[in-house]
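Participant: Take a look at this one; I'll ask things after.
The values are calculated or read from the model by the stated rules, or taken from the named source; none is laboratory data. Since this is a predicted model, take the numbers as computed values, not measurements. With ideal geometry, Cβ positions are generated from the backbone for all residues, glycine too; neighbour counts draw on all protein chains shown. Ligands, DNA and RNA are stripped out before the accessible areas are found, and what is left, the full protein with its side chains, is counted by its heavy atoms. Shrake-Rupley method; radii C 1.70, N 1.55, O 1.52, S 1.80 Å.
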Amino acid sequence: MRPEDILVPTPSGVCCKRGGFHIDPTRPVQKALITHGHSDHARAGHGAVLATQETLDIMRLRYGDNFAGATQAIHYGETITLDGARVTFAPAGHVLGSAQILVECGSLRIVASGDYKTVPDPTCAPFELIPCDVFITEATFGLPVFRFGDVDAEIAKLLHSVELFPERAHLVGAYSLGKAQRVIALIRKAGYGKPIYLHGAMESITRFYERRGIVLGEMRAVRDAKKAELAGAIALCPPSALQEVWSRRFPDPVSSFASGWMRVRARARQRGVELPLVISDHADWDGLTATILATGASEAWVTHGQEDALVHWCVTQGLKARPLDIVGYGDEDESDGVSETASTAL
Ligand SMILES: [Zn+2]
Ligand SMILES: [Zn+2]
């Protein structure tokens, strides 16, 4: 059996004919297996969705109760048979509820990892390595220039700036699902105990994290705060809000942005970011390459991001590798957050 007999890359996502399902399809399908709740992977309108309970809950928050015809929750480590294929979900370490999906037919094992990172994150289960024959990997930061350091050092930079400028608000742009809650948890871990202020677009998802047992300390809505109260405060917002009229309610705000892209100085400057924080929910170059090798896979399929560089690297390591030209996966970090802000229904 060849891997292509099990999973077929199509423009709208990876399809398993034997199992009758797609993984993270970008167009409505009969049966979808969803790796995690980010909007480019988890879309509304499928006939049936199989995902972790957290991912289903996040989709419900985002799209409303009727986001799919039917839903089924699966635990990490649980295996179910779908027609001619066995599927098992395992933690991907990306955001709350994120999963890699192992698809097995006979003795052939393919892992679709969705988005992942292998460094610790206090807000989600750690990445679990699954030995496999074919590893399907993202490549958001698939260039050697992307090497991310210690996130605690980035948070220390933020807290140092808060100390230096007690009259200014610190406005941190962070993607609403995952990044924002991780940044808050890291700030708490560093010992900061004051209230943290939230943009309206990230309130319900952040409250959802709390209901799932992630401790984030006291949080307040920006809209309920007086301008004077925001002096010296830390507030989180979707990246796009940094440039919006919304940000004018803050006293002389220090503009900050938590993203792997902040590794590129020019990018920070372009966006007018005064205090770039290199904090990514995706694996960096070392994370990607080490993971591919550690799976023992003889073949790698590369989905979105910097496919070419990673495919090339795989070939130099003696692996078979191919880019999957799936249209519609973006990078959440890069999104300007407009759809996030718009969907205040969240
Ligand atoms: Zn993602
Ligand atoms: Zn993605």
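Participant: Taking the Cα atoms only, what angle lies between the long axis of helix 151-164 and the longest principal axis of the chain, rounded to 10 degrees?
Facilitator: Approximately 10 degrees, to the nearest ten.
Participant: Let me ask you something else. Apply the Karplus parameterisation 6.51 cos²θ - 1.76 cosθ + 1.60, with θ equal to phi minus 60°, to every residue of segment 175-182 and state each ³J(HN,Hα) to the nearest whole Hz, in sequence, with x for glycine and proline.
Facilitator: After applying 6.51 cos²θ - 1.76 cosθ + 1.60, I find 4, 5, 9, x, 5, 4, 5, 5 Hz.
Participant: Evaluate the charge dipole of the chain about its Cα centre and quote only its size in Debye, nearest 20, assuming +1 on the Cβ of each Lys and Arg and -1 on the Cβ of each Asp and Glu.
Facilitator: Around 540 debye, computed over the chain.
Participant: Separate question: Return the long-range amide H neighbours of Gly84 (sequence gap of 5 or more, or a different chain), with a cut-off of under 5 Å between placed amide H atoms.
Facilitator: Gly19
Participant: Here's a follow-up. Pop the C-beta distance of His160 and Glu128 into the FRET formula with R0 = 35 Å and round what comes out to the nearest 0.05.
Facilitator: That pair, His160 with Glu128, gives E of 0.50.
Participant: Say R0 is 22 Å: what FRET efficiency, to the nearest 0.05, do Arg267 and Ala190 get from their beta-carbon distance?
Facilitator: 0.30
Participant: How much length is gained if the chain between Asp5 and Glu274 is pulled fully straight, taking 0.36 nm per residue apart and subtracting their Cα-Cα distance, in nm to one decimal?
Facilitator: So the chain would gain 91.8 nm between Asp5 and Glu274.
Participant: Still on this structure, please answer the following. Where the only charges are on Cβ atoms (+1 Lys, Arg; -1 Asp, Glu), what is the dipole of segment 107-242 about its Cα centre, to the nearest 20 debye?
Facilitator: Charge dipole, segment 107-242, about its Cα centre: 340 debye, nearest 20.
Participant: Met219's amide H: which non-local residues (gap 5+, or another chain) put their own amide H closer than 5 Å, with H modeled 1.01 Å from N in plane and none for Pro or chain starts?
Facilitator: Placed amide hydrogens put Ile196 under 5 Å from Met219.
Participant: While we're looking at this one, here's another question. From the phi of every residue in segment 25-38, what ³J(HN,Hα) in whole Hz does the Karplus formula 6.51 cos²θ - 1.76 cosθ + 1.60 yield, where θ is phi - 60° and glycine or proline is x?
Facilitator: These are the phi-based 3J(HN,Hα) values: x, 8, 10, x, 9, 5, 9, 10, 9, 10, 6, 6, x, 4 Hz.
Participant: If you place +1 on the Cβ of every Lys and Arg and -1 on the Cβ of every Asp and Glu, how big does the dipole about the Cα centre of segment 43-144 come out, in debye to the nearest 20?
Facilitator: 140
Participant: State the Cα centre-to-centre distance between segment 233-264 and segment 268-316 in whole Å.
Facilitator: Going from one Cα centre to the other spans 25 Å.
Participant: Rounded if a/c is under 1.5, else prolate if a/b beats b/c, else oblate: with a ≥ b ≥ c from the C-alpha gyration tensor eigenvalues square-rooted, which is segment 184-291?
Facilitator: oblate
Participant: Let me ask something else about it. As an exercise, use a Förster radius of 45 Å and the Cβ-Cβ distance of Val315 and Thr81 to find the FRET efficiency, rounded to the nearest 0.05.
Facilitator: Given R0 = 45 Å and the Cβ-Cβ separation, E is 0.85.
Participant: Taking the highest mean first, how do the peptides 121-129, 212-220, 240-248 order by number of other beta carbon atoms within 10 angstrom per residue?
Facilitator: Output ranking for 121-129, 212-220, 240-248: 121-129, 240-248, 212-220.
Participant: Taking every pair of distinct Cα atoms and averaging 1/r, then inverting, what Kirkwood hydrodynamic radius in Å comes out for segment 1-129? Mind dumping the intermediate values first?
Facilitator: Working: mean 1/r = 0.0691 Å⁻¹.
Value: 14.5 Å, from the Cα pair sum.
Participant: OK, next. For the chain, how many pairs of lysine residues have a Cα-Cα distance under 30 Å, where the two are 8 or more positions apart or belong to different chains?
Facilitator: Final tally of qualifying lysine pairs is 24.
Participant: With point charges of +1 on the Cβ of Lys and Arg and -1 on the Cβ of Asp and Glu, referenced to the Cα centre of segment 1-107, which listed residue (Phe21, Thr55, Ser98) lies farthest in the positive direction of the dipole?
Facilitator: Phe21
Participant: Another question, then. With the other protein chains left in place, how much accessible area per residue, in square angstrom, belongs to segment 200-262 at a 1.4 angstrom probe?
Facilitator: For segment 200-262, the solvent-accessible area averages 41 Å² per residue.
Participant: Which one of Trp301, Thr123, Val8 has its Cα pushed farthest toward the positive end of the charge dipole of the chain, where Lys and Arg give +1 and Asp and Glu give -1 at the Cβ?
Facilitator: Most positive-ward Cα: Thr123.
Participant: Just the number, please: percent antiparallel of the DSSP beta bridges in the chain, rounded to the nearest 5.
Facilitator: 35
Participant: Rounded to a whole number, what % of the accessible area of segment 220-319 do carbon and sulfur atoms account for, probe 1.4 Å?
Facilitator: 49
Participant: Here's another thing I want to ask about it. Could you rank the peptides 77-85, 318-326 by their average count of other C-beta atoms within 10 Å per residue, with the highest value first?
Facilitator: Sorting 77-85, 318-326 by mean packing, highest first, produces 318-326, 77-85.
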